[in-house]
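Undergrad: Mind having a look at this structure? Questions to follow.
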Amino acid sequence: MAQQDDIQIYWKRRVLYSVLGLMFLLFFGRLYQLQLIYSEEYGRKSEENSIRIIPREPVRGYVYDRNHVLVVDNQPAFTTTIMPFEFDKRNIPYLSSLLTLDPQFIRDRLKKGEEYSRFAPVKIKRDISFRELSALEENREHLMGVDYQVESKRWYGAGGRAAHILGYTKEISEAQIRTLGGEYRQGDVVGSAGLEGEYETALRGQKGAEFSTVNVRGQVVGSFDSGKLDVGAIDGKDLILTLDIGLQAFAESLMTDRRGAVVAIDPADGGILAMVSAPDYDLAFFSGVTPPLVWRSLNGDAARPLFNRATLTRYPPGSTFKMVLAAAALETGTVSPSWRITCGGSFRLGNKVFKDLHVHGSVDMTTAIQVSCNVYFYQLMLKTGLDNWSHYGREFGFGMLTGMDIAEENPGLLPTTAYMNRRYGPSGWTRGYLPSLGIGQGELGVTPLQMACYAMVLANSGEYHQPHAVRALLTKEAHTPDTLAFQSRRLSFAPQTWDIIREGMRRAVQLPGGTGGLARVKGIEVAGKTGTAQNPHGLDHAWFVGFAPYDHPRIAIAILIENAGFGGSYAAPIAGLCIERYLNGRLTRYDNTHRQPVITARDTPAPATVAGR
Amino acid sequence: MLTYIYRHFDLQVGVTSLLLAGVGVISIYSATFDAHAMGIFNRQLLWLLGGTILLVIMALLPLRLLQSLSWAAYFFSIFLLVSVLVLGKTVSGSTSWFNLGAFRIQPSEFAKITTVLALASYLSRIDISLRTPRHLLTASGIVVIPVALILLQPDFGTTVIYAGMFFAVLFWGGASRFTLLAVVAPIASAVAALFGTTFFLIAVAVIGVLIYITKEHRLVAAAVFSVMVLFGISVQVIYDGLKPYQQKRIETFLNPNADPLGAGYNSLQSKVAIGSGGFLGKGYLRGSQTQLNFIPEQWTDFIFCVPGEEFGFLGAGAVLILFAVLLVRGVTLASIVKSRYASFVAVGLTAIIATHVFLNIGMALGLLPVIGVPLPFLSYGGSALISSTMMIGILMNLYTNRKEY
């Protein structure tokens, strides 16, 4: 440029250098900020971008019975999923028609799923039918982002239903996700009742994760870091039950068309051998997606099939409770075993008359249990007193939870003086309430499970074991079961006390004149006690508690038949059949009245054959 | 021999551009490696070959001839700009391409150069002074004609490049501070208006005070001030008239985090790519953002992400240094050449490259809105690469003939 401009040129050049310097300073500063200060944050974002975590579902634990018969199995089921970022929401109406779902349901699901991640599949419908699966396959090109996963659903094939004890799995609810937290995601199944619920943590196992590299369209292009970070799923632990599924199935068949419960316990450890609540339901309805209609009908059924009568129902025990009073009287020294009364068929207290069914004449304690003499126990109750009686009742486990390993249980009701004062006021009740309690009627409530534990204690002459349905957890890798520990305690009564009570129970079944004769089993000495709970609303509830064989009991049992009538007629025979089935593995039974064989089945008899009994 | 080469060829310009072109080839290879777009890489190699030939031609052309051809070239490119509007091919809302078989040509890329040549030719005349309003107006006209044609395509990015170039040339040519202010004022007020009324008012106030300080004739000052205010106000109107994709790009710039998978996606992904590169980078062909195509068409406007992610701070820093060396050399060149024409050409071309670098890297680093402007030598694109090599050729020519008046 012209010479005279030279000075100006150098000044301008400096300005331009400075402008360039500022620009590159700005760029370097920004580069420093992005790549050196925030590089970790951006690194994380870039990984989130390109790494897809694909959950690996563990296999839910299997359930075996005490003889290692597979009770609960898994079956493949197809679950529809949507990948939110690939899916075109305009396809919702079409998809909903293919899957017969409410479009709003899909929208809600998708929205919740997107809140978690746009790159994680959202489960839309579990256990789709083959028809739905084919429809999805046919329309795959139009339904970008729609896919399906193979999951498993429960399958029950062992014969017994054991619905209330096993419980079911259900798709997790919003509330459950919040309370359980952790690994649970929308669309997961979670044990929701019975053992499935109680042992959820063990059964569920642990989800694994596979890290895959995906491109911007979400297509998997390979495994991330050659799969070094992948975590395999840890399959759930198997449950080994104390249940005998054969006995369970048999007891269920006996309870067909009846309402009530059967609870059989192994007296050696408190393991539940069978637990029936009738009416029950088929768990198969719950294995996939429960149709709303089934839910409504089960929930709305007046017979309440979902309700576990074995642990939740609360009835007066009737005469089956007389052994509690006998034990209390003997242990407190209120009477001696030889104390006798003369039964004239009724008992008068003040101006109130308490009735008996028969005139038993002169009876001692053993006989009183054998023939179930009410007059004896009316008087014994007055002598023993309410609080002694209820103290010993508690010893047997009444009025409190047994702690059995299924969640839902009713503690029952065992009144004390304090309770009666609270309920009626100190002057609102009289000794006149006592005689009824003495024979197990009135303000007294027990569950069939408590009754079975009671039978177990009597069978064991004092040994109480916490009842439970699961014996051990089996890890698939370990092959050695992890046996669970349950509490045991001893009711340290005098041996004589046990002998007298147990002898009474033996006679009640084995000897003529006993009320439990229908529980007799050929070749097995059975001990038991019948009971009839008065029911102001209809027919009485029939009870039976017992155990066998008498000398070395291997089964303790409690039966409740609602609205049936007399315990000796309706509950005792079922107990006898169950005992025979369990101890002999087969039935060779003759009808007590007609001396004709009614059942000679080797295994589970057809329900219709027995239902009439 | 070496001294001969050193005296005759501007190795600083030549070598840095060669290195930048090398980085570009490597980056495009990486960007297209897994995107099933290897054709792009191969085509870029062909363009580079063609560009090198043109570079040599431009470098060896007698300076006088270049100067005498300036106006012809300028009018020819105006003709091309007009015909592209009539015959051109529309790509993403913009009609700026000629289809020549497998190759497409973008006349606006070459018009930048010819405009600089014509402007330099005009301003280098002894009788021309930028302090004379009539001459200033003519100079503006030389720039405004191609700008108007390019705005009709519409191509906003190239318009900004022209503004940067013109401002630098005016400054270099000794235009008064008021003139420079008059060029900056409308742009500044328009940009401020995009950010909101408060920014707009602040900008108007500051520039208003600056205009007052220059003590220019009241009527002229008032006119410039009114034009500035008018520009700012009409930005909203213009904004409403913009194509939706352009509107979105501006919105995106204002808040890129608002919708990470929507309009702000590019800007955010670009920052993620560069940021995640860290100091050393993820390694060549190992950048997950690049290789998994998280940045759409990363081989064009967002090519800077590739060295940023795969070679980290070191790689991106090296690219910045190469550009800095090249641009500083361009300014130096403008001050050492003897001819006024050569000096204006050097400033104009350097300003063009500098504005490209500023807009493109600023955008990739998330400092500027997403404006589609290629990064010289690195971005894929035949016309852009050829115009870059031609500019380098001319700069080398100026050095070779630096002693000519």
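Undergrad: Which residues, if any, in the stretch A:32-46 lose at least 30 square angstrom of accessible heavy-atom surface (probe 1.4 Å) when the other protein chains sit next to their chain rather than the chain being alone?
TA: Those are A:LEU34, A:GLN35, A:LEU36, A:TYR42, A:LYS45, A:SER46, which lose 30 Å² or more relative to the chain on its own.
Undergrad: Work through the residues other than A:PRO337 whose Cβ is under 13 Å from its Cβ and net out their charges, Lys, Arg +1 and Asp, Glu -1. Could the numbers behind the result be given before it?
TA: Working: positive: A:ARG340, A:ARG502; negative: A:GLU331, A:ASP364, A:ASP499, A:GLU503.
Within the 13 Å Cβ shell, the charges total -2.
Undergrad: Follow-up question, since we're still on this one. When all protein chains stay in place, what accessible area (Å², nearest 10, 1.4 Å probe) is found for B:LEU11?
TA: 70 Å²
Undergrad: Mind jotting down the three principal axis lengths of chain B based on Cα atoms? Whole angstrom, largest first.
TA: Cα extents, longest axis first: 61, 60, 43 Å.
Undergrad: Relative to the longest principal axis of chain A, what angle (0 to 90°, nearest 10) does the C-alpha long axis of helix A:386-395 take?
TA: 50 degrees
Undergrad: Also, quick follow-up: Just how large is the dipole of chain B about the Cα centre, in debye to the nearest 20, putting +1 at every Lys and Arg Cβ and -1 at every Asp and Glu Cβ?
TA: Numbers: 23 positive and 14 negative charges, 205 e Å.
Magnitude of the dipole: close to 980 debye.
Undergrad: If each DSSP helix of 4+ residues adds -39,500 (n - 2.57) and the sum is divided by the residues in chain A, what number results at 222 nm, nearest 500 deg cm²/dmol? All intermediate terms of the calculation are to be shown ahead of the outcome.
TA: Numbers: 23 runs with 220 residues, N = 613.
Per the formula, -10500 deg cm²/dmol.
Undergrad: Give or take rounding to whole Å, what are the principal axis extents of the alpha carbon atoms in the stretch B:294-405, in descending order?
TA: Sorted from largest, the Cα extents of the stretch B:294-405 read 52, 27, 21 Å.
Undergrad: Take the protein assembly as shown, drop everything but the C-alpha atoms, weight them equally and run the Debye formula without solvent; then report log10 I(q)/I(0) at 0.06, 0.09 Å⁻¹ to two decimals.
TA: Calculated log10 I(q)/I(0) at the listed q: -0.65, -0.97.
Undergrad: I would also like to ask the following. So if I place +1 on the C-beta of Lys and Arg and -1 on the C-beta of Asp and Glu, and nothing else carries charge, what would the dipole magnitude of chain A be about its Cα centre? I want it in debye, nearest 20. Walk me through the numbers on the way to the answer.
TA: Working: 66 positive and 63 negative charges, 286 e Å.
The dipole of chain A has a size of about 1380 debye.
Undergrad: Sticking with this one: Which sequence of A:LYS355, A:LYS237, B:LYS112 reflects their accessible areas, 1.4 Å probe, from the largest down? Before the final figure, lay out each step's value.
TA: On the way: A:LYS355 150, A:LYS237 70, B:LYS112 5 Å².
Ranking A:LYS355, A:LYS237, B:LYS112 by accessible area, largest first, yields A:LYS355, A:LYS237, B:LYS112.
Undergrad: Can you tell me, using C-alpha contacts under 8 Å and at least 6 residues apart, the relative contact order of chain A as a whole percent?
TA: Once normalised by length, the contact order is 13 percent.
Undergrad: Report the one residue of B:VAL84, B:SER270, A:PRO549 whose Cα lies farthest in the direction of the positive end of the charge dipole of the protein assembly as shown (charges on C-beta: Lys and Arg +1, Asp and Glu -1; origin at the Cα centre).
TA: The Cα lying farthest towards the positive end belongs to B:VAL84.
Undergrad: Under 16 Å from a point placed 7 Å out from the Cα of B:TYR405 along the Cα-to-Cβ direction: which residues of the stretch B:327-342 have their backbone N that close?
TA: Counting backbone N atoms under 16 Å from the label point, the list is B:337-342.
Undergrad: Follow-up question, since we're still on this one. Provide the descending list of Cα extents for the stretch B:173-232 along its principal axes, expressed in whole angstroms.
TA: 32, 24, 16
Undergrad: I need to check one value: relative contact order of the stretch A:50-144, counting alpha carbon pairs closer than 8 Å and at least 6 residues apart, in percent.
TA: Working: 90 pairs, mean separation 33.0, N = 95.
The value is 35 percent.
Undergrad: Suppose we look only past 36 Å in the calculated P(r) of the stretch A:245-611. What percent of the Cα-Cα pairs does that tail hold?
TA: I get 20 percent for the Cα pairs in the stretch A:245-611 exceeding 36 Å.
Undergrad: May I ask for the angle, rounded to the nearest 10°, between helix A:567-584 and the longest principal axis of chain A, with both axes built from Cα atoms and the value confined to 0 to 90°?
TA: For helix A:567-584, the angle is close to 70 degrees.
Undergrad: Right, here's the next one. Mind checking the full-extension length gain between A:GLN75 and A:PHE285? Use 0.36 nm per residue of separation minus the Cα-Cα distance, one decimal, nm. Can you show the working numbers first?
TA: Details: separation 210, 0.36 × 210 = 75.60 nm, distance 1.39 nm.
Additional length available on full extension: 74.2 nm.
Undergrad: Heavy atoms only, 1.4 Å probe, whole protein assembly: order B:PHE156, A:PHE78, B:PHE302 by accessible area, highest first. Numbers along the way, then the final one.
TA: On the way: B:PHE156 105, A:PHE78 70, B:PHE302 5 Å².
Accessible-area ranking of B:PHE156, A:PHE78, B:PHE302, largest first: B:PHE156, A:PHE78, B:PHE302.
Undergrad: Under a Cβ-Cβ cut-off of 12 Å, what is the net charge of the residues other than A:TYR454 that fall near it, where Lys and Arg count +1 and Asp and Glu count -1?
TA: Details: positive: A:LYS322, A:ARG394, A:LYS529; negative: A:GLU395.
Net of charged neighbours comes to +2.
Undergrad: What is the calculated FRET efficiency for B:TRP71 to A:TYR38, with r their C-beta to C-beta distance and R₀ = 51 Å, to the nearest 0.05?
TA: Working: r = 51 Å, r/R0 = 1.00.
E between B:TRP71 and A:TYR38, to the nearest 0.05, is 0.50.
Undergrad: Averaged per residue, what accessible area in Å² does the protein assembly as shown show with a 1.4 Å probe, protein chains only?
TA: Result: 43 Å² per residue.
Undergrad: For the pair A and B, how large is the buried accessible area, both sides, in square angstrom to the nearest 100, if the probe is 1.4 Å?
TA: The summed interface area works out to 3800 Å².
Undergrad: Is the stretch A:15-126 best put as rounded, prolate or oblate by its Cα gyration tensor, with a ≥ b ≥ c the root eigenvalues, rounded for a/c under 1.5, and otherwise prolate when a/b is larger than b/c, oblate when not?
TA: On the way: a/c = 6.26, a/b = 2.16, b/c = 2.90.
Verdict is oblate for the stretch A:15-126.
Undergrad: How far apart, in nm, are two points set 7 Å out from the Cα along the Cα-to-Cβ line at A:LEU484 and at B:SER226?
TA: Reported label-point gap for A:LEU484 and B:SER226 is 9.2 nm.
Undergrad: Out of all DSSP beta bridges with both ends in the protein assembly as shown, state the antiparallel percent to the nearest 5.
TA: Details: 84 of 87 bridges.
The antiparallel fraction comes to roughly 95 percent.
Undergrad: Quick check: net charge around A:LEU239, other residues with Cβ under 15 Å of its Cβ, Lys/Arg +1 and Asp/Glu -1?
TA: Details: positive: A:ARG60, A:ARG66, A:ARG154, A:ARG204, A:LYS237, A:ARG471, A:LYS476; negative: A:ASP65, A:ASP73, A:GLU196, A:GLU198, A:GLU200, A:ASP235, A:ASP238, A:ASP244, A:ASP405, A:ASP482.
Once positives and negatives cancel, what remains is -3.
Undergrad: Classify the stretch B:122-222 as rounded, prolate or oblate, taking a ≥ b ≥ c as the square roots of the eigenvalues of its Cα gyration tensor: rounded when a/c is under 1.5, otherwise prolate if a/b is larger than b/c and oblate if not. Walk me through the numbers before you get to the answer.
TA: Numbers: a/c = 2.40, a/b = 1.14, b/c = 2.11.
Here the stretch B:122-222 falls in the oblate category.
Undergrad: Calculate what fraction, in whole %, of the accessible area of the protein assembly as shown sits on carbon and sulfur atoms when a 1.4 Å probe is rolled over the protein chains.
TA: Values: 25890 of 43560 Å².
So the carbon and sulfur contribution to the accessible surface is 59 percent.
Undergrad: Using alpha-carbon positions, what is the distance between the centroids of the stretch A:121-149 and the stretch B:135-174, in Å?
TA: Spelled out, the Cα-based centre of one part sits 58 Å from the other.
Undergrad: As a test of the formula, what do you get for chain B when each DSSP H run with n ≥ 4 contributes -39,500 (n - 2.57) and the sum is divided by the residue count, at 222 nm and rounded to the nearest 500 deg cm²/dmol?
TA: Values: 17 runs with 294 residues, N = 405.
Result for chain B, helices only: -24500 deg cm²/dmol.
Undergrad: Kindly sort A:THR80, A:THR532 by accessible area of their heavy atoms, largest first, with the probe set to 1.4 Å. Don't skip to the end; give the middle numbers.
TA: Numbers: A:THR80 0, A:THR532 25 Å².
The residues order as A:THR532, A:THR80, largest area first.
Undergrad: Okay, moving on. Calculate the FRET efficiency for B:TYR212 and A:ILE177 from the Cβ-Cβ distance with a Förster distance of 45 Å, rounded to the nearest 0.05.
TA: On the way: r = 66 Å, r/R0 = 1.47.
After rounding to 0.05, the efficiency reads 0.10.
Undergrad: If you don't mind, there's one more thing I want to ask. Evaluate the relative contact order of the stretch A:329-375 (contact order divided by residue number), counting alpha-carbon pairs under 8 angstrom at least 6 apart; express in whole percent.
TA: Details: 64 pairs, mean separation 17.2, N = 47.
Relative contact order, the stretch A:329-375: 37 percent.
Undergrad: With θ set to phi - 60°, apply the Karplus curve 6.51 cos²θ - 1.76 cosθ + 1.60 along the stretch B:11-28 and write out the HN-Hα couplings as whole Hz, x wherever there is a Gly or Pro.
TA: My calculation for the stretch B:11-28 gives 5, 4, 5, x, 5, 5, 5, 4, 5, 4, 5, x, 4, x, 4, 4, 5, 5 Hz in order.
Undergrad: Here's a follow-up. Mind giving me the FRET efficiency for A:PHE307 and A:ARG348? R0 is 35 Å, r the Cβ-Cβ distance, nearest 0.05 is fine. Please report the intermediate quantities before stating the final value.
TA: Numbers: r = 40 Å, r/R0 = 1.16.
My answer for the efficiency is 0.30.
The values are calculated or read from the model by the stated rules, or taken from the named source; none is laboratory data. These numbers were taken from a predicted model, which means no experiment stands behind them. All Cβ positions, glycine included, derive from the backbone under ideal geometry; neighbour counts span all protein chains shown. The accessibility values were calculated without ligands, DNA or RNA, using every heavy atom of the protein model including side chains. Shrake-Rupley method; radii C 1.70, N 1.55, O 1.52, S 1.80 Å.
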